[in-house]
Amino acid sequence: MTPHIDFTNEERELALQLYAQLKDRIAASLQEGDEERIKQHVMTAIEQGQARRDAFGLNPVVTSLQTALLAVDEIGLRRDAVLAIMLHPCVEGGQLTIDEADSEFGTTVGRILHGLHRIEELYADDKAGDNPLQASAAAETPSLSGVQGENFRNLLISLAEDMRVILIMIASRVNLMRQIRDTDNTEARREVSQEAAYLYAPLAHKLGLYKLKSELEDLSLKYLETEAYYHIKEKLNATKAARDAYIEQFIKPINEKLTAAGLKFHMKGRTKSIHSIWQKMKKQKCAFEGVYDLFAIRIIIDCPPEEEKLQCWKVFAIITDMYTSNPKRMRDWLSVPKSNGYESLHITVLGPEKKWVEVQIRTERMDEVAERGVAAHWRYKGVKADTGGMDEWLRGIRQMLENADDGLQAMDELRMELQDEEVYVFTPRGDLMKFPQGATVLDMAYYIHSKVGSACTGARIRSAEGRSQGGSGRIVTFRQQLHSGDQVEILTSTTQRPKQEWLNIVKTSRAKAKIRLALKETQQKEALLVKEMLERKFRNRKIEMEESVMMRTMKKLGYKEASDFYRDLAAESLDVAVVIDKYVELQQGDKAPVGDIRSAEEFVLENSHLSPLASHLSEDVLVIGKDLKGVDYQLAHCCNPIYGDQVFGFVTVSGGIKIHRCDCPNAPEMRRRFGYRIVKAKWSGKGESQYQITLRVIGNDDLGIVNNLTSIISKDEKLLLRSINIDSHDGLFRGNLTVMMSDTARLEALIKKLRTVKGVKQVERI
């Protein structure tokens, strides 16, 4: 290995040119002494052999200068980011520490270097043992195959720490993709291209860096699907003359009309990117000639900020008067900008020769934001200004990553969320919320708050038309997809609990992260309940449970983690009898058996003279009331218990404890199969809540009998009739009455009154 980099004549000349250009761009933002200190660090790194060529043989000094210049010109970064880019090879070579850079150049430079260094470490961990030249720097040649699973997630978390780290990584990847066209290391180029398309292009899109995003996608396609890339490129070159002539024909009358209206503007035609055309060809399953919207016309207005919307809509009116527009293809990001700050008015009109043409209307400021993303916001609003919710988006990334099962799953979810289309909905108070296309009511509920999402049962939705007509809206389930203009009121229930299948309902990564977190908490609660049930079962068998023996039992049954063991017990995929038998076997191998050990079947038979539940219940009693805290319980719908009924608790797989009547039709089967999951229960205090019960009434189909039945209920102020369903046949009627009441005493009194009605043959509780 040579002690320093041997610059070729071309590299030396290029480096001097790049340096001069970079100095000219950022001279105003540099502080006194910056230039001299940077030169000293870079030259020392070169002389000491700490700056080395990467896996593609690229010169790190030239690469850093190219990346820095790209970050300045295309993104708008300045001093701190440029210094971090130039110092990064020195830090990785060990010639400069982050603390020294922090002290010498400021905390911001140190923080950016720390983010870049963390990314470098992740790649180095996965490439440990490789040739040093192949263990390429994060800002040089990271690869998708080299960073899998947990490290891939850590990479994304590191990117989310400081926005400038993301921007530098995007600039670095664009520059790298430009430089590796002729490399002999085709395998490394393939890996770099995969990651560019999979990670950096979507991030560039979200940050509004559309120009860089398109370049990353085009270059990735060029290296990964070379034939498709050059096929489309040749087709575009072959049709360029005809396309230019058509654009000229289309914009000439528009130019005359806008000039006559006194507007200051300029127009340009933009051909769709090769990657975009290729995606359309695949999606529509057509040839190049079948893609009709190959280009768009952009009208850029020069006007004061206060007149931006007015003049954009004025242009819109002029164009739609000249050409027929397609209302389904209109996109108004002028009234409600995209979450990344993109503002523009898109319309598709039918031009000459019956060809559809997309027209984009925007101002000079909007165009710069569209080209340079969040960096343009810094120029117009200041660094601390709201950049289209970017900080909130970055927080959402972190939450999503921390709760995802693995990094690749997290990236898949992130890519799903980075779509062009967004929907805009309103809360009942009129607050505007943005969601990706396909988002559901459940997404909105979790966006509002985790507790709202976990308790969501549906929503009341009023469409724009419904609101204008004064409608009350329609009730929908939480699966309902959101549509722009909807006013959405989330409906909740205290008995609702998140389910695993909810992950397939929501669209946003934020909602998925919160559901996973809620499910983990539920699983932990279930594990504690199952553990208590297991201990109760051991006590019923008069077996002393020892933690050391239980851990051995888990291992013998093939479990490495206690959480997996209790999860399978809760899911009933592991029989508790098998656990007890294995435990006893291991315990007997250590010492004499403890207690009177028998099989579960023998235990139940010998105690069969006891009450039906007594042989399964411990001395613990669950007291049901308003003051019950820390335990999730629900009243079972199969028997609808109310205050005063003899009840018991049943530990469910996912819903905490369900309260059943002792005479519930399902009770015998639960006792037989899952006795260890039954707990004693009783009511506390007085019947203060309202419970729902259903009565079946059978009688003669006499005139007025239904009125007599409902009259008895309505006269009692403490009773509420929820529903009535009567079916008459062959002179008899059979009906179900659903009533809200407080306790069994009031229920018995009601049954007695209903039985006194003339013609009633039978009244029974269901």
*Which of the lysines could be linked to K753 by a straight reach, that is with a Cα gap under 25 Å, when you skip same-chain ones fewer than 8 residues away?*
K686, K715, K718, K761
_Reference-scaled alpha-carbon Rg (2.2 N^0.38 Å with N residues) for the range 163-257_ = 1.38
*Taking the Cβ-Cβ separation of N237 and E306 as r and a Förster radius of 41 Å, what is the calculated FRET efficiency to the nearest 0.05?*
0.40
*asked:* Using 0.36 nm times the number of residues separating E547 and D564, minus their current alpha carbon distance, what extension gain do you get?
replied: 4.5 nm
*Can you sort F478, F250, F7 by 1.4 Å-probe accessible area, starting with the largest?*
F7, F478, F250
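Please work out how much length the chain gains when fully extended from Q17 to A261, using 0.36 nm per residue of separation minus the C-alpha to C-alpha distance, in nm with one decimal.
83.3 nm
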_Exposure ranking of D443, D244, D321, D568 by accessible area [1.4 Å probe, largest first]_ = D321, D244, D568, D443
*Quick one: accessible surface of S573, probe radius 1.4 Å, all protein chains present, in square angstrom to the nearest 10.*
80
*For the pair D663 and Q524, what calculated FRET efficiency results from E = 1/(1 + (r/R0)^6), where r is the Cβ-Cβ distance and R0 = 35 Å, to the nearest 0.05?*
0.55
*asked:* Apply the Karplus curve 6.51 cos²θ - 1.76 cosθ + 1.60, θ = phi - 60°, to the phi angles in the range 319-336 and return the couplings in whole Hz, x for Gly and Pro.
replied: 5, 5, 6, 7, 10, 6, 9, 9, x, 6, 9, 7, 10, 9, 9, 8, 6, 10
*asked:* What FRET efficiency comes out for I766 versus K555 if R0 is 45 angstrom and r is the Cβ-Cβ distance? Round to the nearest 0.05.
replied: 0.40
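Give the Rg/Rh ratio for the range 497-582, taking Rg as the radius of gyration of the Cα atoms and Rh as the Kirkwood radius, to two decimals.
The Rg/Rh ratio comes out at 1.09.
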*Name the residue farthest towards the positive end of the dipole of the range 447-567 from the options T494, I475, L529, assuming +1 on Cβ of Lys and Arg, -1 on Cβ of Asp and Glu, about the Cα centre.*
L529
*Structure shown: which of K233/K268; K213/K268; K211/K283; K235/K434 lie over 27 Å apart, alpha-carbon to alpha-carbon?*
K235/K434
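Using 0.36 nm per residue, how much length does the chain from M322 to V621 gain when fully extended, once their Cα-Cα distance is taken away?
Once the chain is fully extended between M322 and V621, it gains 99.7 nm.
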*Quick one: how many Å² of M322 are accessible to a 1.4 Å probe, rounded to 10?*
60
_At 10 °C and a viscosity of 1.306 mPa s, what translational diffusion coefficient does Stokes-Einstein give for the range 202-247, taking Rh as the Kirkwood radius over Cα pairs? Give it in µm²/s as a whole number._
132
*Would you work out which of G208, I301, T320 lies farthest towards the positive end of the dipole of the range 181-332, given +1 charges on the beta-carbon of Lys and Arg and -1 on that of Asp and Glu, about the Cα centre?*
T320
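In the structure displayed, which of K222/K314; K272/K514; K206/K272; K499/K542 lie more than 29 Å apart, Cα to Cα?
Over 29 Å Cα-Cα: K222/K314; K272/K514; K499/K542.
The values are calculated or read from the model by the stated rules, or taken from the named source; none is laboratory data. Model, not experiment: these values are computed from the prediction. Quick reminder, even Gly has a Cβ in these numbers, built from the backbone with ideal geometry, and neighbours come from all protein chains shown. Protein only, heavy atoms only, side chains kept; ligands, DNA and RNA dropped before computing areas. Shrake-Rupley method; radii C 1.70, N 1.55, O 1.52, S 1.80 Å.
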